[in-house]
Amino acid sequence: MPLHRLSRADARRIAVRAQLLDGKRPDGLHGVVRALTMLQHDQTAAVARNADLIAWSRLGSAYSPGELIVALRDRTLIELRGMIRPSEDLALYTADMADWPGPGPLRDWQRANLRWLQANDTGRLDILHRLGSDGPLAVRDLPDTCAVPWKSTGWNNNRSVSALLDIMVRRGEVAMAGWRGRDRLWDLAERVYPDEPSVPAAEARRIRDDRRLRALGIARAHGPECGVEPSDVAEAGEPAVVEGVKGQWRVHPALLGQPFSGRAALLSPLDRLVFDRKRMAELFQFDYQLEMYKPVAKRRWGYFALPILYGDRLVGKLDATADRTVGVLRVDAVHKDVPFSADMTAAVDQEIKDLARWLGLDLMLADPSR
């Protein structure tokens, strides 16, 4: 198998093209989700909800958030552990669900989860019974009969029902069935998931790795363990090295040697082009952090600053907030990592105007001369 030698520009262009952020826009929402393999469903909506913002970045103002609502309602797309995926992809996960907590030897946290579930089997059965008779239901409507509360140092300490639901999703017993306002609704998995045969676990992992690499374009073979969606791709694709970056990568051969045309794009902080901050820094040499959890005085770029893509470079951050109470998209700053040419400025300004138009908000600039 050949070892591909890539410049940073080559690697960036492969990544941008794989993420459907080059000059050729994709056709529709389902095509976007299939190509990216998933959209992360996050409720933070400083500008727009993450899944909608990612779809808009690819499709532009032709995309309506109502499309995602309909697709989830009709279950052509499903939500699995916070990730919106094509419903047909569920077959790539059901073998792992049946094998929960996983093939041995188990890690310490897997053994701890198994012991906690066994101690709370009555609580699990009570949830199944309640969903069976009255589902779909929100978390607040489900009984908490756990004998041992869920312990955590984080925000979910003592949230035993939520912890049980997460494990039961991973076991294939319950599924996210929709929304009531900002509340997820849960139901028995058999009522939500399509009745399709499982793909054997080893083959499913191989397919998932290959599709993840096709969506990322270029990725590390091995990386830190991630709770839901890995950032690495095992032995998918072909080996590559990137000039100026240590170590080996894996690249998808279908994306090699393709012509590239770029455009301007405003990205969600959770966009997969920038989600892996280490990969982002190595390939794009871009300094960025999501600062919503920082004190105001320590923020450099803003509460929910959007990375700005131009061509194959990440060139700045947009500090903007959708203030729906007064009907404006407020732009407080455009932080420029590099000097903007006249063409760059025009292209980025056009994206900002398109974002305001898509949101149905008036554009309010902190600097009226911009």
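The values are calculated or read from the model by the stated rules, or taken from the named source; none is laboratory data. Computed from a predicted structure; not experimentally measured. Glycine gets a Cβ as well: all are built from the backbone with ideal geometry, and neighbour counts include every protein chain shown. When the accessible area is computed, the model is the full protein with side chains, heavy atoms only, and any ligands, DNA or RNA have been set aside. Shrake-Rupley method; radii C 1.70, N 1.55, O 1.52, S 1.80 Å.
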**Request:** Restrict the check to the stretch 73-80 and report whether at least one residue is touching a strand residue (DSSP E or B) at 6+ places or on another chain (Cβ under 8 Å), without any contact (Cβ under 8 Å) to a residue 60 or more places away in the chain and assigned to a loop (DSSP other than H, G, I, E, B).
**Result:** yes
**Complete:** Condition set more than 23 Å from TYR303 (Cα to Cα) and open to solvent by less than 40 Å² (accessible area, probe 1.4 Å), scope the stretch 32-57, selection nearest to the chain's Cα centre (by Cα): answer is MET38
**Item:** Residues (open to solvent by 30 Å² or more (accessible area, probe 1.4 Å) and either among the hydrophobic types (A, V, I, L, M, F, W, C) or touching a helix residue (DSSP H, G or I) at 6+ places or on another chain (Cβ under 8 Å) (or both)) located in the stretch 277-291
**Value:** ALA281, GLN285, ASP287, GLN289, LEU290
**Asked** Any residue at all in the stretch 211-218 that is among the basic types (Lys, Arg), at pLDDT 95 or above and more than 19 Å from ARG12 (Cβ to Cβ)?
**Response** yes
**Prompt:** Taking the stated definitions as given, is ASP52 free of Cβ contacts under 8 Å to residues at least 60 places away in the same chain, out of contact with any Lys or Arg (no Cβ under 7 Å at 6 or more places or on another chain), under 21 Å from VAL16 (Cα atoms) and among the acidic types (Asp, Glu)?
**Reply:** yes
**Fill in**
Residue hits (the stretch 335-348; more than 26 Å from the chain's Cα centre (by Cα) and assigned to a helix (DSSP H, G or I)) are ALA342, ASP343, MET344, THR345, ALA346
**Request:** Select from the stretch 295-307 the residues that are assigned to a loop (DSSP other than H, G, I, E, B), surrounded by 13 or more Cβ atoms within 10 Å (Cβ to Cβ) and free of Cβ contacts under 8 Å to residues at least 60 places away in the same chain and list them in ascending order.
**Result:** ARG299, ARG300, TRP301, GLY302, ALA305
**Request:** Kindly indicate whether any position in the stretch 174-185 is under 27 Å from PRO230 (Cβ atoms), at pLDDT 95 or above and exposed (fewer than 15 other Cβ atoms within 10 Å of the Cβ).
**Result:** no
**Prompt:** Which condition number does GLY66 fail, the rest of (1) without any contact (Cβ under 8 Å) to a residue 60 or more places away in the chain; (2) not in a helix (DSSP H, G or I) being met?
**Reply:** (2)
**Message:** Looking at VAL334, VAL326, VAL338, VAL348 in this structure, which one is loosely packed, with under 13 Cβ neighbours inside 10 Å and closer than 24 Å to ALA281 by Cα?
**Reply:** VAL338
**Message:** Tell me yes or no: at least one residue of the stretch 236-243 is open to solvent by 50 Å² or more (accessible area, probe 1.4 Å), more than 29 Å from VAL47 (Cα to Cα) and without any contact (Cβ under 8 Å) to a residue 40 or more places away in the chain.
**Reply:** no
**Asked** Take the residues of the stretch 22-31 that are surrounded by fewer than 21 Cβ atoms within 10 Å (Cβ to Cβ), of a type outside the set (D, E, K, R) and out of contact with any Gly (no Cβ under 7 Å at 6 or more places or on another chain): which is nearest to ALA347 (Cα to Cα)?
**Response** PRO26
**Residue in the stretch 312-339 that is farthest from ASP42 (Cα to Cα), counting only those that are in contact (Cβ under 8 Å) with a residue 60 or more places away in the chain and among the small types (Gly, Ala, Ser)** = ALA320
**Fill in**
Of (1) more than 20 Å from the chain's Cα centre (by Cα); (2) open to solvent by less than 20 Å² (accessible area, probe 1.4 Å), VAL274 fails just (1)
